[in-house]
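Right, one structure below, let's go through it.
The values are calculated or read from the model by the stated rules, or taken from the named source; none is laboratory data. Bear in mind that the values here come from a model prediction, so they are computed numbers and not experimental data. With ideal geometry, Cβ positions are generated from the backbone for all residues, glycine too; neighbour counts draw on all protein chains shown.
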Amino acid sequence: MVTLEQVEKLREKANISYEEAKAALEKTNGDILEAIINLEKEKRIPAPEGGGFYSSKGSQQNPEGDYREGKSKGETKPQDDSISFAELVGRFLGWCGRIIDRGNRNSFEVKKDGAKIMTVPVTVLAVLLIFTFWITVPLIIVGLFFGYRYRFAGPDLGKENVNQALDSVAKAAENFKREVKDGNERSHGEDPNNRG
């Protein structure tokens, strides 16, 4: 038996007429959620964007705590979330694909004395930094002190401000190397105040 309260709730959630709501509820023995799902399958109401969910918690519960679905107590109906989960996984994989594609279009260049020594896709550099950062980062830093210069090239990362930052780091390493070298020469050479 379908109640007026159930019809009102279904009309409110699905924006349909009393007659359509009553017919949908009679098909599902008063289960509002099942009625909404059936209406969506029949394309009589639009599904929510992004695979959203409807909730009818408490609206169909009887005093014993089981839901009226025309089934015996303890029997449950399997819930089908595969569509929204599949869409979520599809979006995530699409995002990963776009990031990898962008990383492959851009490259990390290693130069010494103006000559290009090596070019690595940014995707490979990111994998190296993630899984072997304790090796990759020190090699990059040590390379700065041996005259290697780094720059990004490509449509997304080949911007001047990114490469200017890398150049300023290289200049700072060169200045530090020069200061250490000058300090060592002073400590091993003659003292300018003591010319004997």
Which numbered condition Ile141 misses (of (1) under 27 Å from the mean Cα position of the chain (by Cα); (2) closer than 23 Å to Phe176 by Cβ): (1)
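Would you check if Leu125 is farther than 30 Å from Glu49 by Cβ, under 20 Å from the mean Cα position of the chain (by Cα), modelled with pLDDT under 90 and not assigned by TED's automatic domain parsing to the domain that holds Pro48?
Values: farther than 30 Å from Glu49 by Cβ: yes; under 20 Å from the mean Cα position of the chain (by Cα): yes; modelled with pLDDT under 90: no; not assigned by TED's automatic domain parsing to the domain that holds Pro48: yes.
The answer is no for Leu125.
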Only residues that are surrounded by 11 or more Cβ atoms within 10 Å (Cβ to Cβ) and either under 20 Å from Asn175 (Cα atoms) or among the hydroxyl-bearing types (Ser, Thr, Tyr) (or both): list them for region 109-136, please. Val110, Lys111, Lys112, Thr119, Thr123, Thr132, Thr136
Within region 147-171, can you find the residues that are without any contact (Cβ under 8 Å) to a residue 12 or more places away in the chain and over 11 Å from Asn106 (Cβ atoms)? Glu160, Asn161, Gln164, Ala165, Ser168, Lys171
Here are Gly183, Gly196, Gly189, Gly154: which of them is on the phi > 0 side of the Ramachandran plot, modelled with pLDDT under 90, of a type outside the set (A, V, I, L, M, F, W, C) and more than 28 Å from the chain's Cα centre (by Cα)? Gly196
Taking Val110 and the conditions (1) touching a strand residue (DSSP E or B) at 6+ places or on another chain (Cβ under 8 Å); (2) farther than 30 Å from Arg178 by Cα, which numbered condition does it fall short on, given that it satisfies the others? (2)
Take the residues of region 65-114 that are within 30 Å of Tyr150 (Cα to Cα) and of a type in the set (Val, Ile, Thr): which is modelled with the highest pLDDT? Val110
